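The structure under discussion appears below in the form of structure tokens.
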Amino acid sequence: MRQITQLQLYMMFSIYLFTSTLGLYANYVVKSSLYMTWISIILGGCLSLVISCMSIRLARRRPDQYFGDYGKTIVGKWVHYPLLIFLIVGLMFTTGFIMHDLEDFIIQVYLPGTPNWAIGALFSLCFVAAVRCGIETIFRSAQGIFFISVLGVLITPFFVKEEMNTEMLLALVNRFDFRQTWNGMWANASLFGETAFLLYIFPKISNFEKTMKTVIWATFSAALIILTNIVPAILIFGPELMSYLSYPELELIRYIHASAFFENLDPVLIALWITGLFIKISFLFYLVIINLSHLFSLKDHRPLTLSTVLLVTCVSLFIVESTAETNQVIISSLIALVITLELIPVLYLLVDRIRSGRKKAHPQADEGRG
């Protein structure tokens, strides 16, 4: 049963965390905290580790059982099933939103004029195949592209260093704004905190005692990779301009002038981003489907794959209609929704600890009465 190694876990979540942040949401991360982006990323990563620690502690209490099965023994079925439905719907909304952003990225960069439904249909077929192959295949795919993805992202700053305005470095320190840092921290916590979703596949993880240590290293690595690209982008574009660029990382790559080869590096890195985003969306699809199978007490998740992917694909086509609406959804609801989904295991852990404490207290009380 336990076929996901700690090395695969580290590689998967390193890619999972930095590809979507750099590829799709770098502009919003900078917009929320401007010059204090680097601090908000560090604080958001630390906050996400606290959330993930709670989730993993809950999982370690019943390492061989799935959350969808044992949750009702903690809070009761009348609370567990509504929360499980909320979790599934929330994950479907989040997956559909990220899928919409990926479709929009493909259309704007590579296939202008192509209808969204055509891109969505092609991607949905790939997601169906990935989810039906199982979670182990998704993790192995991340392992296969890990080194080239990290290398491609890390070398970019070295080729744009001449374009950086180093005098702006001082502003990264003396432009502190508590409100911007606070907002940015929660935005980054929602991105990094998705490591808490490991709870739902915990029986698949080998050497689960080391999971928290692996999550810490993956979060640290992803934060470092993000900083090595976002900070140079701020020094080149400035935070105000960068916050209004649709894809700042893509614009950063286009500043490369090292040689004819590196000037055309963007198609390679874009291909790696798309692969990383594909892995992330496949993982989220798997979480939706595996929790659905537990909700309906099914032993095999695969019969639900096609219908679920098609439903979420339809959601992705109609969830937003413009870039301005996308930004509004992120600000008004998406961050709060993702944080809420990540905090659900915390509620279960608190209830489980309270009930465990009462069970330990009862024998002592009975002995005292005797």
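Only lysine pairs 8 or more places apart, or on different chains, with alpha-carbon atoms under 30 angstrom apart are counted in the chain, and they number 24.
For the stretch 108-148, what does the alpha-carbon gyration tensor say about shape, rounded, prolate or oblate, given a ≥ b ≥ c as the root eigenvalues, a/c under 1.5 as rounded, and a/b over b/c as prolate? It comes out oblate by the Cα gyration axes.
Largest mean-square fluctuation among 76, 144, 113, in a Gaussian network model of the chain whose springs join Cα atoms under 10 Å apart, belongs to 113. What shape does the stretch 142-213 have by the C-alpha gyration tensor, where a ≥ b ≥ c are the square roots of the eigenvalues, rounded means a/c under 1.5, and otherwise prolate means a/b greater than b/c and oblate the rest? Oblate shape, in that a/c is at least 1.5 and b/c is the bigger or equal ratio. Take every pair of alpha-carbon atoms less than 8 Å apart whose residues are at least six positions apart; their mean separation over the length of the chain yields a relative contact order of 42 percent.
Under the rule of -39500 (n - 2.57) per DSSP H run of 4 or more residues, summed and divided by the residues of the chain, what mean residue ellipticity at 222 nm is obtained, to the nearest 500 deg cm²/dmol?
Details: 17 runs with 284 residues, N = 370.
Here the helix-only value at 222 nm equals -25500 deg cm²/dmol.
Calculated on the Cα set of the chain, radius of gyration then Dmax: 21.5, 86 Å. Within the chain, the selection of entire DSSP H helices by a Cα span of 15 Å or greater along the long axis and an average Kyte-Doolittle value of at least -0.5 returns 6-23, 37-61, 77-109, 116-133, 135-159, 178-192, 211-237, 266-295, 305-318, 335-369. In whole percent, and with a 1.4 Å probe on the protein chains, what portion of the accessible area of the stretch 17-62 is carbon and sulfur? Result for the stretch 17-62: 66 percent of the exposed heavy-atom area is carbon or sulfur. Phi angles of the stretch 194-200 translate, via the Karplus equation with coefficients 6.51, -1.76, 1.60 and θ = phi - 60°, into HN-Hα couplings of 5, 5, 5, 6, 4, 3, 7 Hz per residue; Gly and Pro are given as x. Probing with 1.4 Å while keeping every protein chain in the model, the per residue accessible area of the stretch 37-176 equals 48 Å².
With a 1.4 Å probe and all protein chains left in place, how much of the accessible area of the stretch 89-177 comes from carbon and sulfur atoms, in whole percent? Provide the component values of the computation, followed by the final result.
Numbers: 2970 of 4480 Å².
Carbon plus sulfur share of accessible area: 66 percent.
Using a Gaussian network model of the chain in which every pair of alpha carbons under 10 angstrom is joined by a spring, one finds that among 108, 65, 180 the greatest mean-square fluctuation is at 108.
The values are calculated or read from the model by the stated rules, or taken from the named source; none is laboratory data. In this text, all values refer to a predicted model and were calculated from it rather than measured experimentally. We work out accessible area using only protein heavy atoms, side chains counted, and drop any ligands, DNA or RNA first. Shrake-Rupley method; radii C 1.70, N 1.55, O 1.52, S 1.80 Å.
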